[in-house]
Amino acid sequence: MFQKNNLKKGFTIVELLVSIAIIGLLSAVTFSSFAQSQERARVSKRVTDIKNIQNALEFYYAVSKSYPTTSGFWRSECSAWGGYAPSAVIPGLVPNYMSNMPSDPGMDKAANTSCYLYASDGVNYALLDHDVADLRTSPFTYSTYPELVDPARDGGSNASIVDGAGIWSWKIYRGAGVTW
């Protein structure tokens with residue numbers, strides 16, 4: 001009359017493994033997507049920073065008839081170039097022409113990577129986004145913005161044209177023959 005119910009309640013090991021595998025796969029896809037979004041945001045910030053600095057330099061030039069000078073030497077927040085405070089990287093630009101000097105979002109001051117570098121003799125200037133590590137291996141490469149590629153730092157044999165695949169710096173400049 002009474003049947004004994006031998007059904008056990010719970011999950012089998014196979015069900016648990018399948019569930020864990022699905023959760024792991026979804027996590028990996030989500031994390032990858034999130035990492036690409038962060039990288040895309042850093043690239044956008046770099047491009048915006050470079051354009052904003054360029055605009056401020058041109059405004060400075062329009063008022064002063066010269067660019068902020070560093071006597072032709074590189075200046076940066078990174079230690080290899082003096083470890084200046086952000087406002088001293090481009091003398092006289094902050095606070096009159098820019099509220100603050102931006103830093104590269106991936107900057108490593110000690111390793112001297114991902115730094116904005118500036119050099120000027122007053123007549124010419126060059127601004128580099130130097131050695132950005134996360135652009136070397138990502139889908140958002142230096143060549144995403146060809147107008148910013150620095151021919152002298154593209155790994156090619158000709159410093160006057162973009163002819164290499166080893167791009168490691170973006171650059172904007174004014175003046176003929178700026179080779180800093």
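The values are calculated or read from the model by the stated rules, or taken from the named source; none is laboratory data. Keep in mind that this is a model prediction, so the values were computed, not measured. Note that we place each Cβ from the backbone using ideal geometry, even for glycine, and neighbour counts take in every protein chain shown.
Values computed for the structure shown
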| item | result |
| --- | --- |
| Count - residues of the stretch 58-76 that are assigned to a loop (DSSP other than H, G, I, E, B) and touching a strand residue (DSSP E or B) at 6+ places or on another chain (Cβ under 8 Å) | 8 |
| Selection status of Tyr84, free of Cβ contacts under 8 Å to residues at least 24 places away in the same chain and either farther than 23 Å from Asp154 by Cα or surrounded by fewer than 15 Cβ atoms within 10 Å (Cβ to Cβ) (or both) | yes |
| Among the residues listed as Gly92, Gly106, the single one being over 19 Å from Arg46 (Cβ atoms) and in contact (Cβ under 8 Å) with a residue 24 or more places away in the chain | Gly92 |
| Of the criteria (1) under 13 Å from Asp121 (Cα atoms); (2) more than 19 Å from the chain's Cα centre (by Cα); (3) of a type outside the set (Phe, Trp, Tyr), which one Arg75 fails | (2) |
| Single residue of Val123, Val162 found to be assigned to a loop (DSSP other than H, G, I, E, B), touching a Gly at 6+ places or on another chain (Cβ under 9 Å) and at pLDDT 75 or above | Val123 |
| Selection status of Ile50, assigned to a helix (DSSP H, G or I) and under 23 Å from Tyr118 (Cα atoms) | yes |
